[in-house]
């Protein structure tokens with residue numbers, strides 16, 4: 001890199017993307033901005049301290065997270081008005097993307113203060129790029145934790161014919177998969193785990209057939225759902241005779257086996273059969 005051609009770093013707010021796992025994924029520009037920052041805002045000073053220590057950067061770290069961002073925003077604005085260079089980093093990836101920072105960004109915009117993106121690693125685009133699904137995608141972020149609210153969100157989202165990306169806490173993955181089966185039964189899924197790290201893994205399959213994952217998984221998972229699977233000449237209702245047949249079969253066979261058999265035999269959507277089985281079992 002020609003040091004004489006480096007971009008001038010003026011006072012203002014810099015949203016600096018950091019690695020989502022592998023330290024080598026940070027950019028030269030991100031390191032340059034961090035080295036020249038007067039203050040670095042971060043979610044967790046211990047975690048960010050390890051990042052800065054790895055690259056031998058010694059700068060003042062100021063906690064900035066969802067519990068204090070409203071309180072501390074005006075203080076940060078004062079620093080920027082005093083011509084300070086302020087960087088905002090999250091624990092991993094790009095700030096404000098399912099992470100704190102939007103309050104501060106909007107305040108800067110309101111006051112006509114400079115805000116600069118320093119692009120870099122992103123779990124969203126990384127996962128979509130290897131999913132094999134359409135690059136026309138809808139990014140939602142973290143889903144609701146309560147089942148009723150989650151159901152309302154998924155019921156709305158299932159009408160969109162795009163790939164979909166979610167962030168999910170690993171210990172809750174089986175809870176969300178069971179709900180995906182109610183609304184996205186015919187779609188495919190990719191579960192991205194430990195991306196860019198030593199134990200990187202991509203779990204792929206149909207939502208209808210994917211099983212439970214280990215309860216020992218830690219961290220956050222990036223989930224990608226495929227667009228709707230195209231269905232041709234498929235019935236939209238279950239006849240009374242087929243309903244009776246399903247009820248009899250559920251006394252002998254598993255939920256999954258009944259769905260597979262009936263959907264093929266009667267040319268019915270798996271989701272329709274699945275939801276009927278679920279209602280009948282309850």
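Here are the numbers:
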quantity: Relative contact order [Cα under 8 Å, 6+ residues apart], the chain, whole percent; calculated: 17
quantity: 77, 203, 224 arranged by Cβ crowding within 10 Å, fewest neighbours leading; calculated: 203, 77, 224
quantity: Difference of contour (0.36 nm per residue) and Cα-Cα distance, residue 247 to residue 7; calculated: 79.5 nm
quantity: Projected label distance in nm at residue 116 and residue 140, using a 7 Å step from Cα toward the beta-carbon; calculated: 3.7
quantity: P(r) weight above 14 Å for segment 240-281, C-alpha pairs, percent; calculated: 34
quantity: Estimated FRET transfer efficiency when R0 is 35 angstrom, pair residue 46-residue 210 (beta carbons, to 0.05); calculated: 0.50
quantity: Relative contact order %, segment 240-281, counting alpha carbon pairs below 8 Å whose residues are six or more apart; calculated: 38
quantity: Cα centroid separation - segment 155-223 against segment 1-63, whole Å; calculated: 32
quantity: Cα gyration tensor category, rounded, prolate or oblate, for segment 73-227 with a/c compared to 1.5; calculated: prolate
quantity: Degrees, to the nearest 10: 270-281 long Cα axis against longest axis of the chain; calculated: 70
quantity: Alpha-carbon Rg with Dmax, taken over the chain, Å; calculated: 23.7, 79
quantity: Neighbour-count order for 78, 8, fewest beta carbons within 10 angstrom listed first; calculated: 8, 78
quantity: Sorted by Cβ density within 10 Å, fewest first, the residues 273, 259; calculated: 273, 259
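Quick note: the coordinates plus some simple rules give every number you see, no bench work behind them. Everything numeric in this text was worked out from a predicted model, so none of it was measured. Note: ideal-geometry Cβ built from the backbone for every residue, glycine included; neighbour counts use all protein chains shown.
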